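Only one structure is covered here, and it is reproduced in the block below.
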Amino acid sequence: MRWEKFLAKFNKLPVIDTEIFLAGVTDPRPLKVQISRWQKARKLIQVKRGIYLLAEPYRRVEVCEFYLASLLKKPSYISLEKALEYYDLIPESVSVYTSVTTKRPGRFSSEVGVFDYRHIKNSFFWGYNSITLNKQTGFIASAEKALLDFFYLKGVKISLDYLEEMRLQNAQQINLEKLAEYAKKFKKPGMLYVAQVISKYISTASKRKK
């Protein structure tokens with residue numbers, strides 16, 4: 001396949017999955033060789049094996065990183081610091097897109113970005129919503145689940161001082177009833193304590209503003 005024909009066929013897609021366009025091809029080897037050459041020529045960007053983006057000069061559709069994160073490892077959803085940034089719960093800009101998955105952990109780094117995956121048990125894989133940007137759908141933890149995922153997966157000892165160091169902000173958007181309900185679903189006493197400390201921090205911060 002010539003580059004012009006390939007481009008005409010795929011430049012309206014945000015992501016190119018080789019499994020899709022190699023399906024039904026009797027001998028995929030020649031096309032795989034071409035893909036490798038296009039990558040070396042910097043016409044294609046490999047994000048992981050089988051997943052590519054067109055280089056910017058050829059790209060018609062910008063990829064949504066949340067969609068890409070959900071595509072690179074299934075099932076998964078954005079959580080931890082990146083979700084906290086999305087909800088404006090922390091002031092820092094976070095460069096790494098961290099997701100949780102029931103699959104093996106891993107990391108994919110390319111010029112598009114860094115996508116990190118943390119393993120979580122099947123029984124803890126809940127509390128997320130779909131998000132659609134530019135007609136591309138990905139998945140992200142709710143604000144409450146992102147906070148609980150953070151302390152569960154990081155193994156950080158929570159305290160009011162630690163939350164102060166995190167500069168947790170805009171905490172009024174956190175649903176404390178949902179936070180407590182989600183903490184119970186973990187069926188771990190430590191997570192109930194995490195929810196209690198967060199609730200106390202929010203309550204204290206609210207009184208300070210009055």
Worksheet item: Among the residues of region 137-160, is any without any contact (Cβ under 8 Å) to a residue 12 or more places away in the chain, exposed (fewer than 15 other Cβ atoms within 10 Å of the Cβ) and under 24 Å from residue 97 (Cβ atoms)?
Response: yes
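Could you please let me know if residue 153 is outside the structural domain of residue 15 (by TED's automatic domain parsing), in contact with a Phe, Trp or Tyr (Cβ under 6 Å, 6 or more places away or on another chain), within 21 Å of residue 192 (Cβ to Cβ) and hydrophobic (A, V, I, L, M, F, W, C)?
Taking the combined requirement at face value, the residue does not satisfy it.
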Worksheet item: Has region 38-47 got any residue that is free of Cβ contacts under 8 Å to residues at least 24 places away in the same chain and among the charged types (D, E, K, R)?
Response: yes
Worksheet item: Residues of region 96-123 being in a loop (DSSP other than H, G, I, E, B), at pLDDT 95 or above and surrounded by fewer than 18 Cβ atoms within 10 Å (Cβ to Cβ), which ones?
Response: 102, 103, 104, 105, 121
Item to complete: Could you tell me whether region 7-14 includes any residue that is of a type in the set (Lys, Arg), over 19 Å from residue 108 (Cα atoms) and not in a loop (DSSP other than H, G, I, E, B)?
Response: yes
Worksheet item: Which of (1) modelled with pLDDT of 95 or more; (2) within 24 Å of residue 13 (Cβ to Cβ) does residue 134 not meet, given it meets every other one?
Response: (1)
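The values are calculated or read from the model by the stated rules, or taken from the named source; none is laboratory data. Keep in mind the model is a prediction, meaning the values are calculated, not measured. No Cβ is skipped: glycine too gets one built from the backbone with ideal geometry, and neighbour counts run over all protein chains shown.
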